[in-house]
Amino acid sequence: MGLDITYRSKIRKAAESEGLLPVDPEYPNEPPETDYDNGYFRIYPNDFVAGQSDGLEGVYRDEGESAHFRAGSYSGYNQWRERLAELAGYEPSPHPGILHAGEPSSAATVWADPKPGPFVELINFSDCEGVIGPVTSAKLAQDFAAFQEQADAVEDWEGWFREQYAKWRTAFETAAQGGCVEFH
């Protein structure tokens with residue numbers, strides 16, 4: 001198990017019945033399924049952090065570019081996110097993070113006080129599900145561009161951090177064009 005990311009540009013909110021398959025008569029109380037095979041997808045409300053979904057909810061149609069990547073196992077993604085917080089200059093919190101019991105964490109600094117700053121909207125976000133909308137994606141794309149030189153200088157095991165950094169940057173640049181980044 002791990003975190004997968006799908007990102008899209010140019011999404012359009014579907015009409016109320018558009019893209020929905022008929023209700024299954026065996027389960028009449030269940031909401032209709034979405035016709036994923038024809039470019040439709042459903043965005044569920046994201047209650048983790050208010051505002052990062054930029055109000056996206058319901059059935060949408062993918063009318064632009066889309067792609068996906070594996071962000072890693074949950075623990076691997078959290079290690080990467082910790083490195084991102086360090087890269088952005090967040091001081092380690094006296095409160096331990098989730099990576100190593102008892103050790104300070106730069107990501108925990110953001111979680112404890114998520115005030116505006118570089119990458120906050122990504123660091124302080126669920127590590128398993130949710131959606132980041134186009135406005136928040138544009139802000140994060142700017143953060144990734146601003147820190148590219150520092151990211152290129154990171155020494156890590158076989159370039160793993162830099163490889164993930166490039167994927168995330170592409171995802172947010174794409175989603176900033178009227179799309180979204182989905183965590184699943």
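The values are calculated or read from the model by the stated rules, or taken from the named source; none is laboratory data. Values in this document were obtained by computation on a predicted structure and should not be read as measured data. Positions of Cβ are generated from backbone atoms using ideal geometry, with glycine treated the same way; all protein chains shown enter the neighbour counts. The protein model used for the area step is the full one, side chains on, heavy atoms only, and it has no ligands, DNA or RNA in it. Shrake-Rupley method; radii C 1.70, N 1.55, O 1.52, S 1.80 Å.
Quick rundown of the values:
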| quantity | calculated |
| --- | --- |
| Enumeration of residues in the stretch 100-133 that are in a helix (DSSP H, G or I), more than 16 Å from Asp54 (Cβ to Cβ) and open to solvent by 20 Å² or more (accessible area, probe 1.4 Å) | Thr109, Trp111, Ala112 |
| Condition broken by Asp37, with the remaining ones in (1) part of a loop (DSSP other than H, G, I, E, B); (2) more than 30 Å from Ile123 (Cα to Cα) satisfied | (1) |
| Unique residue being without any contact (Cβ under 8 Å) to a residue 12 or more places away in the chain and within 16 Å of Tyr7 (Cα to Cα) when the list is Ala153, Ala171, Ala175, Ala166 | Ala166 |
| Every pair of residues 6+ apart whose Cβ atoms lie under 7 Å, when the first sits in the stretch 1-23 and is at positive phi and touching a residue at least 24 places away in the same chain (Cβ under 8 Å) while the second is of a type outside the set (Gly, Ala, Ser) and part of a loop (DSSP other than H, G, I, E, B) | Lys10/Glu63; Lys10/Gln177; Gly19/Asp35 |
| Residue list for the stretch 43-69, filter: part of a strand (DSSP E or B), open to solvent by less than 100 Å² (accessible area, probe 1.4 Å) and either within 17 Å of Ile5 (Cβ to Cβ) or hydrophobic (A, V, I, L, M, F, W, C) (or both) | Ile43, Val59, Tyr60, Asp62, Ser66, Ala67, Phe69 |
| In the stretch 137-153, residue modelled with the highest pLDDT [restricted to those that are small (Gly, Ala, Ser) and open to solvent by 50 Å² or more (accessible area, probe 1.4 Å)] | Ala146 |
| Output for the stretch 154-184, where each listed residue is farther than 15 Å from Leu122 by Cβ, open to solvent by 50 Å² or more (accessible area, probe 1.4 Å) and modelled with pLDDT of 95 or more | Arg162, Glu163, Gln177 |
| Whichever residue in the stretch 1-22 is in contact with an Asp or Glu (Cβ under 7 Å, 6 or more places away or on another chain) and part of a loop (DSSP other than H, G, I, E, B) and, among such residues, is most open to solvent (accessible area, probe 1.4 Å) | Lys10 |
| Count of the stretch 70-96 residues which are in a strand (DSSP E or B) and either at pLDDT below 95 or open to solvent by 20 Å² or more (accessible area, probe 1.4 Å) (or both) | 7 |
| Among (1) modelled with pLDDT of 80 or more; (2) out of contact with any strand residue (DSSP E or B) (no Cβ under 8 Å at 6 or more places or on another chain); (3) over 23 Å from Thr174 (Cβ atoms), the one test that Glu18 misses | (2) |
